[in-house]
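*Asks:* Sharing a structure here in structure tokens format.
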Amino acid sequence: MPELPEVETVRKGLEPLLKGATIKTVTLRRTGLRAPFPAGFAQSLEGATITRLRRRAKYILADLDTGQVWLSHLGMSGSFREVPKGTPFTPETHDHVILTLESGKRLVFNDPRRFGQMDLYDRDQEDAHKALSALGPEPLTRDFSGLVLHKRLLGKKVPIKVALLDQRVVSGVGNIYACEALFRAGINPRKASGKINLASCDDLAQAIKDVMNAALKSGGSSLRNHRQVDGKEGLFQHHFMVYDHAGARCTACGCKKEHYIKTIVQAGRTTFYCPEKQR
């Protein structure tokens, strides 16, 4: 599933196309994605102008001049692509949502696995929206720190890797960047969250910021489905230190063979870690 760097990369790619654009028509080629589209979804978008494009956690939020917000989630395999004005266009099998703008350009949402999500809500009700109301702090803001993370982990018995996947603890972190951040911080993914001291939380918060900023500069990580709006792949997968490196020598500590990068399964996800560096 795309994580914060991938979603932010997509948001940045969409901004030049959508900010200030008026939506002429909306074509829905199915009744919904992970959930049904809300009643009147297409009709409410048609004629609206997008005034701002934001991101919250793994959600892309488009503010409309109607006072509503168009929410999109890429799910496991969703992607947006731009079709320039005048370009011959025939929808592909998994093109589920097609927006035609007043400029003549099209925006197409493709989602083979249909785990994506789209919704529409009133801007003044955002804090109560079921997808957004319980989200934790944004990790790339100045407000996010080791102290903030430490407070959110207090009393938790679940392993730290599992806690990082909980969007109520910190938003936007998924399996890839949880593994990479814990590796950089030298924290064992099995350690109980509530037992991580403030100094280690400082290291972990900074590691989360560092790895996500590095991923953003590379356009995110393309392992299966992530593509930027222009169709290009992200490149951060070439800079992974631990993720998807099972059986490889740890480049950070020069560990012996018995301590090569190993894997365990936590909360149904594969965790990659170095037992020598992460104790």
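The values are calculated or read from the model by the stated rules, or taken from the named source; none is laboratory data. Every value quoted in this text rests on a predicted model; they were computed, and no experiment measured them. With ideal geometry, Cβ positions are generated from the backbone for all residues, glycine too; neighbour counts draw on all protein chains shown.
*Asks:* When residue 133 is evaluated against the numbered criteria (1) under 30 Å from residue 207 (Cβ atoms); (2) in contact (Cβ under 8 Å) with a residue 24 or more places away in the chain; (3) loosely packed, with under 12 Cβ neighbours inside 10 Å, which criterion, by number, is the only one it fails?
*Replies:* Result: residue 133 fails condition (2) only.
*Asks:* Just the residues that are assigned to a helix (DSSP H, G or I) and of a type in the set (Lys, Arg), please, taken from segment 162-188.
*Replies:* Within segment 162-188, just 184 meets the criteria.
*Asks:* Let me ask something else. When you look at residue 229, is it touching a helix residue (DSSP H, G or I) at 6+ places or on another chain (Cβ under 9 Å), assigned to a loop (DSSP other than H, G, I, E, B) and within 30 Å of residue 94 (Cβ to Cβ), yes or no?
*Replies:* yes
*Asks:* Determine which single condition residue 140 fails, assuming it passes every other condition in (1) part of a helix (DSSP H, G or I); (2) touching a residue at least 60 places away in the same chain (Cβ under 8 Å); (3) not polar (S, T, N, Q).
*Replies:* (1)
*Asks:* Kindly provide the set of residues from segment 83-95 that are in contact (Cβ under 8 Å) with a residue 60 or more places away in the chain and touching a strand residue (DSSP E or B) at 6+ places or on another chain (Cβ under 6 Å), ordered by number.
*Replies:* Answer for segment 83-95, where residues must be in contact (Cβ under 8 Å) with a residue 60 or more places away in the chain and touching a strand residue (DSSP E or B) at 6+ places or on another chain (Cβ under 6 Å): just 95.
*Asks:* Of the residues in segment 54-65, how many are within 14 Å of residue 123 (Cβ to Cβ) and aliphatic (A, V, I, L, M)?
*Replies:* The number of residues fulfilling the criteria is 3.
*Asks:* Any idea which of (1) acidic (Asp, Glu); (2) touching a Ser or Thr at 6+ places or on another chain (Cβ under 9 Å); (3) over 26 Å from residue 216 (Cα atoms); (4) touching a residue at least 40 places away in the same chain (Cβ under 8 Å) is the one residue 124 doesn't satisfy?
*Replies:* (2)
*Asks:* Restricting the search to segment 189-222, which residues are part of a loop (DSSP other than H, G, I, E, B) and either surrounded by 14 or more Cβ atoms within 10 Å (Cβ to Cβ) or assigned by TED's automatic domain parsing to the domain that holds residue 111 (or both)?
*Replies:* Passing the criteria: 189, 190, 191, 196, 218, 219, 220, 221, 222.
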